[in-house]
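**Student:** For reference, the structure I am asking about is given below.
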Amino acid sequence: MKKKVYFKTFGCRTNLYDSQVMMSSLEDYDITLDENEADVIVVNSCTVTNGADSHVRSYIGHVEKSGNAKIFLTGCGAHTKGEKLFEEKRVQGVFGQSEKQKINFLLSQDKPFYELGDLNHIDESVVDDFIGKSRAFIKIQEGCNFRCSYCIIPFVRGDARSMDEERILKQISRLAINGFGEFILTGTNVGSYGQGTGTSIAKLMKKISQIRGVRRIRLGSVEPIQISDEFKEILDEPWLERHLHIALQHTSPKMLKLMNRRNVYKQDRELFEFLADKGFAIGTDFITGHPGESEELWQEAMINARALPLTHLHSFTYSKRDGTPSAQMKPEVNGRLAKDRLHELEALIQAKNLDFRKSYKGALDVLIEGEKGGFYHGLDQHFNKIIVESDEDLVGNWIHIQNYEIRGESNYVKL
């Protein structure tokens, strides 16, 4: 009887993809979606914030108390916290992202191991299925050439490099044959795809759209400067999601300089207004409480945020990462104040999202992703959640909705 492996995935869509690669590479083990059944637990970790590290350590503590499963650590946290966890004998093995296709061999090792691998590795894996998912996550690039002052990610994911185009198209073709219609392109810095190779994210998306069965293409986070004239040419294509997530991180010009960001607020606002006029919902990343964020700069940031046509927010309070320039900056911002500012910004964007949903008068195209408590849920073309009440099993189906009820955090329909 094969041993059972459970994957606990933290963090971004890139980690979700990496977990699927590992699942696809297992030959001598069965995969379980119930951690209580597991003989082995693989923790695919995130280290983007101190909080992310804490969540990983807390989860490992939970596993240690609740069972006898062997624990293996991979993901970004392997590079920052793996050595300490390994020395403390809290994990059986630690391995980096470049080693994930060797997982079948690694899990079978009797002796503890610590193998971080190569940060210049280019993924060559092809995934045929996404276990427990209705949408497919496609990693198209790895690493980042930006050096934002607060960010540890380039040091644990390496410099930007792109996956082979033919391999990406081959993978999507296989997944489309297996019934997947929505594809989310992921990576550390997705918009940098093709940099220095004569291609681009826009060219890749055009080729993906020509594959039979592809219905909708979503993007991970891109930078404002990556919405080029070439990218703008695909904005009216029917296969492109009507939501773009464009990372700003702040809206105060002075704070953007302190963060070593490449975007400029005035240009960001012009871009966002252009996209909003085309009907796009727009999300962004934002950090509150970065060193140097005075009350004056925060008020400026809120004035600017109110002027932006934002609908979605992925926000954090600043988290010091050892080895980054921001970790040495002064003055620091009180953690409670940073959290208050976060909540203020979240309330603003929630209100903007509700206004967006109220003002939109068209139909919604929704891929139903799952069921919980007798209700189905999915995301529409604007990346807004919709709750569906139905007597039929809708998981994995596309539904076209004309009439629906707009509620506080999501839309609702009874079929």
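**Student:** When you go through (1) at negative phi; (2) surrounded by 15 or more Cβ atoms within 10 Å (Cβ to Cβ) one by one for Gly396, which number turns out not to apply?
**Tutor:** Every condition holds for Gly396 apart from (1).
**Student:** Restricting attention to region 278-296, which residues are more than 26 Å from Asn189 (Cβ to Cβ) and either touching a Ser or Thr at 6+ places or on another chain (Cβ under 9 Å) or not small (Gly, Ala, Ser) (or both)?
**Tutor:** Glu295, Glu296
**Student:** Given the conditions (1) modelled with pLDDT of 95 or more; (2) closer than 30 Å to Phe231 by Cα; (3) in contact with a strand residue (DSSP E or B) (Cβ under 8 Å, 6 or more places away or on another chain), and given that Lys278 satisfies all but one, which numbered condition is not satisfied?
**Tutor:** Lys278 satisfies all of (1) modelled with pLDDT of 95 or more; (2) closer than 30 Å to Phe231 by Cα; (3) in contact with a strand residue (DSSP E or B) (Cβ under 8 Å, 6 or more places away or on another chain) except (3).
**Student:** May I ask you to say which residue of Leu219, Leu185 is free of Cβ contacts under 8 Å to residues at least 40 places away in the same chain, closer than 28 Å to Thr288 by Cα and surrounded by 16 or more Cβ atoms within 10 Å (Cβ to Cβ)? Walk me through how you get there before you give the answer.
**Tutor:** Values: Leu185 fails: free of Cβ contacts under 8 Å to residues at least 40 places away in the same chain.
Within the list Leu219, Leu185, the selection yields Leu219.
**Student:** Something else about it: Could you tell me whether region 11-27 includes any residue that is in a strand (DSSP E or B) and under 30 Å from Thr288 (Cβ atoms)? Spell out how you get there, then give the answer.
**Tutor:** Filtering region 11-27 down to residues in a strand (DSSP E or B) leaves none.
No: region 11-27 contains no residue that is in a strand (DSSP E or B) and under 30 Å from Thr288 (Cβ atoms).
**Student:** May I pose another question? Take the residues of region 243-272 that are over 26 Å from Val333 (Cα atoms) and under 24 Å from the mean Cα position of the chain (by Cα): which is surrounded by the most Cβ atoms within 10 Å (Cβ to Cβ)? Reasoning before the result, please.
**Tutor:** Of all residues in region 243-272, those over 26 Å from Val333 (Cα atoms) come to 243-245, 267, 269-272.
When the remaining residues are screened for being under 24 Å from the mean Cα position of the chain (by Cα), the result is 243-245, 269, 271-272.
Working: His243: 20, Leu244: 24, His245: 20, Arg269: 16, Leu271: 19, Phe272: 22.
Once the filter is applied, the top-ranked residue is Leu244.
**Student:** Does Ala305 qualify as being buried (at least 21 other Cβ atoms within 10 Å of the Cβ) and either at pLDDT 95 or above or on the phi > 0 side of the Ramachandran plot (or both)? Step through it out loud before you land on a result.
**Tutor:** Values: buried (at least 21 other Cβ atoms within 10 Å of the Cβ): yes; either at pLDDT 95 or above or on the phi > 0 side of the Ramachandran plot (or both): yes.
Criteria met by Ala305.
**Student:** Given Gln402, Gln350, Gln381, which one is under 23 Å from Arg269 (Cα atoms) and outside the structural domain of Thr251 (by TED's automatic domain parsing)? Can you show your working first?
**Tutor:** Numbers: Gln402 fails: under 23 Å from Arg269 (Cα atoms); Gln350 fails: outside the structural domain of Thr251 (by TED's automatic domain parsing).
Being under 23 Å from Arg269 (Cα atoms) and outside the structural domain of Thr251 (by TED's automatic domain parsing) holds for just one of Gln402, Gln350, Gln381, which is Gln381.
**Student:** Also, I was wondering about something else. Taking Ile225 as the residue in question, decide whether it is over 23 Å from Phe146 (Cα atoms), hydrophobic (A, V, I, L, M, F, W, C), out of contact with any Cys (no Cβ under 6 Å at 6 or more places or on another chain) and surrounded by fewer than 18 Cβ atoms within 10 Å (Cβ to Cβ). I'd like the intermediate steps shown before the answer.
**Tutor:** On the way: over 23 Å from Phe146 (Cα atoms): no; hydrophobic (A, V, I, L, M, F, W, C): yes; out of contact with any Cys (no Cβ under 6 Å at 6 or more places or on another chain): yes; surrounded by fewer than 18 Cβ atoms within 10 Å (Cβ to Cβ): yes.
No: the conditions fail for Ile225.
The values are calculated or read from the model by the stated rules, or taken from the named source; none is laboratory data. These figures come from a predicted structure and were not determined experimentally. Reconstructed Cβ throughout: ideal geometry from the backbone, glycine too, with neighbour counts over all protein chains shown.
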